[in-house]
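Inspection log for the structure reproduced underneath, given as structure tokens.
Derivation of every value follows stated rules applied to the coordinates shown; laboratory data play no part. Since the structure is predicted, the reported quantities are computational estimates derived from the model, not experimental observations. So basically every Cβ, Gly included, is an ideal-geometry build from the backbone, and we count neighbours across all protein chains shown.
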Ligand SMILES: Cc1cc2nc3c(=O)[nH]c(=O)nc-3n(C[C@H](O)[C@H](O)[C@H](O)COP(=O)(O)O)c2cc1C
């Protein structure tokens, strides 16, 4: 078995987009965390998954919720990503414009795309939980994605010639 530092270093070579996973806690307070462990699972029905660390402050709220949103961040939203990747901020939404959806989910304004999901399954795996969500509503806009690669924020350099 490889050590965690090596695992993190090697996995960093897989370039990804950046999402913020959001939900409301039992008192209706919006919460969320930055996550790149997001992928599509099934086309029919439309399923996606996200993996969330059990140590995340927002984990109990996500566990207790029946729904969550995936906000796919645009290139201009690095500061939002950094904020939602910082634990122990009392209200991560302070200064971050968002809209409450009809499903009661905090959607971050100007995100490149948004998916509103009903939780259909959870799988405990190691120190993370996999939340499988059925996509109930979705939105996609124009613009470039924020990219994360080898531990740094990055951007697409354009299509191959
Ligand atoms: C680019 C990036 C991707 C991340 N991806 C994940 C992820 O997929 N799952 C996860 O649990 N944490 C991920 N993290 C770490 C969390 O965002 C971080 O632990 C955060 O503090 C959790 O917030 P919370 O403790 O307030 O809930 C990522 C961080 C960054 C910067």
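If you filter region 32-46 down to residues that are more than 15 Å from the ligand (Cβ to nearest atom) and not in a strand (DSSP E or B), you find that the one that is farthest from residue 128 (Cα to Cα) is 44. Yes or no: residue 15 within 8 Å of the ligand (Cβ to nearest atom), touching a residue at least 40 places away in the same chain (Cβ under 8 Å) and either surrounded by fewer than 21 Cβ atoms within 10 Å (Cβ to Cβ) or under 12 Å from the mean Cα position of the chain (by Cα) (or both)? In short, no.
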